Amino acid sequence: MEKVFVSPMTYRQGKNVLWNHLEDILAFGAKGLLVTDSFVYQMVGKQLIEELTIRGGQISTWLVENERGTNSFNYVIALGGGRAIDLGKALAFESNSSCIVVPTSASTDAPTSRISVKYQDGYFEKYDYYAQSPDLVLVDTAILINSPVHFLTAGIADGLSTSIEARTVRENSGVNTLGALPTLAAEAIAEKCREVLLEYAEAAVEANKKHEITPAFEAVVEANTLLSGIGFESGGLSIAHALHNAMISLWGREVKGSHGQIIALTTLQHLHIEGREEELTQYRRLFENLDLPTTYEDLSIFPSAEELKKVTDLAFSPEDGIIRSQSPVTKEEVYQALLVFRKNREI
């Protein structure tokens, strides 16, 4: 089987990088479509349109709370968090348009990937895979430093799952999200992501609280966004994301947590399932220090044993990570492991 590695065409990160590279956006044409939500539009989007218009851009807007208009465009600017990025990427890729991603937090690794996640009324439905990656990713740390801390910690949890899942894929000769074997480069990037986050996570959180852009903050933003994005896509997903998707498929919006906050819990479950108790202790301690979930109850879920059997069954979907990574774990092993993460252990 062949190996495949993908990445965005260009990635730029730094203070004021968005405003310093407006011409890079306009290099894709005059007509653009900004995809964002109403909050981010007021925070950044309105000024972005004004600046691009001054320079000759013709920018229309789709606020994702509303129906999309019929304006024509050469490229899409996906501005905001996970939902706006997923919808913007999907629209760009499905219309064969150029794709520019401008995240407003470091909460996920979605900005660099060619994957979008589809939800139906809050329930996980499926991954959509596309044949192109984003053309340009602009990560402005002057914007991200003002994002709430819980977004950064969620991204740290998501990033720390990357090397754990890529390792499972590699050790079991599984396939990555591209349906191919992972490259040595993807393995190295996933490992570097882990290394950076374990070293700088807590210092970056302190910097975020003080609204100070420090080397630690820059390093963690890069790990959360670029290293994790390439690492998960070309390295592969496994148990942690399969369990996340199973939870959202079963409980939907009943789960009170973001993607990364849920991944914090399922990453611990992944380590427990594989018997990596030393790592489990290390990661649990860090997640507790970062106020991340470590039990179902932390996510306002109080699962019965029967519900956890359903989660287990859903996690073994042929399209999801456990099967694609070729993990040798059994349903019974997963089910027994999930029981441990309830505060109320009674069956």
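Candidate cross-link partners of LYS310 among the aspartates and glutamates, defined by an alpha-carbon separation under 13 Å and a same-chain spacing of 8 or more, comprise GLU332.
Computed from the C-beta positions of GLU288 and ARG68 and an R0 of 45 Å, the FRET efficiency is 0.60 to the nearest 0.05. Note on ALA131/THR295: beta-carbon distance plugged into 1/(1 + (r/R0)^6) with R0 of 25 Å gives a FRET efficiency of 0.05.
Under the combined filter of DSSP loop state and at most 13 neighbouring Cβ atoms within 10 Å, the range 1-96 retains these GluC sites (Glu not before Pro): GLU2, GLU65, GLU67.
Fully extending the segment from GLU23 to GLU171, taken as 0.36 nm per residue of separation minus the present Cα-Cα distance, adds 48.9 nm. What is the list of residues in the range 126-170 whose amide nitrogen lies under 20 Å from a point 7 angstrom out from the Cα of LEU184, following Cα to Cβ? The answer is 163, 166-170. Across the range 1-122, C-alpha contacts under 8 Å between residues 6 or more apart give a mean separation that, scaled by the residue count, equals a relative contact order of 25 percent.
Of the trypsin sites (Lys or Arg not before Pro) in the range 110-219, not one is in a loop by DSSP (not H, G, I, E or B) with at most 12 other beta carbons within 10 Å. Name the most mobile residue of ASN16, ASN176, ASN289, meaning the one with the largest mean-square fluctuation, in a Gaussian network model of the chain with Cα contacts below 10 Å. Fluctuation is largest for ASN289.
Partners of LYS118 within straight-line reach, counting aspartates and glutamates whose Cα lies under 19 Å from its Cα and excluding those fewer than 8 residues away in the same chain: ASP37, GLU65, GLU67, ASP86, GLU94, ASP109, ASP128, ASP158, GLU233, GLU254, GLU319, ASP320.
For the chain, the longest principal axis of the Cα atoms and the long axis of helix 184-210 meet at an angle of about 80 degrees. The distance separating the Cα centre of the range 1-38 from that of the range 67-137 comes to 12 Å. One decimal place: the segment THR53-SER317 gains 90.4 nm when fully extended, by the rule 0.36 nm per residue minus the C-alpha distance.
Helical content alone sets the calculated 222 nm signal of the chain at -14500 deg cm²/dmol, taking -39,500 (n - 2.57) per DSSP H segment of four or more residues and averaging over every residue.
A DSSP coil position with no more than 13 other Cβ atoms inside 10 Å describes the following GluC sites (Glu not before Pro) in the range 105-213: GLU212. Computed from Cα positions, the angle between helix 277-289 and the longest principal axis of the chain comes to roughly 50 degrees. Relative contact order, whole percent, for the chain stands at 17, derived from Cα pairs under 8 Å and 6 or more residues apart.
Every number here is computed from the coordinates shown, using simple stated rules; none is lab data. Only a predicted model underlies this, so the values are computations on that prediction, with no experimental measurement involved. Cβ atoms come from the backbone with ideal geometry, glycine included; neighbour counts cover every protein chain shown.
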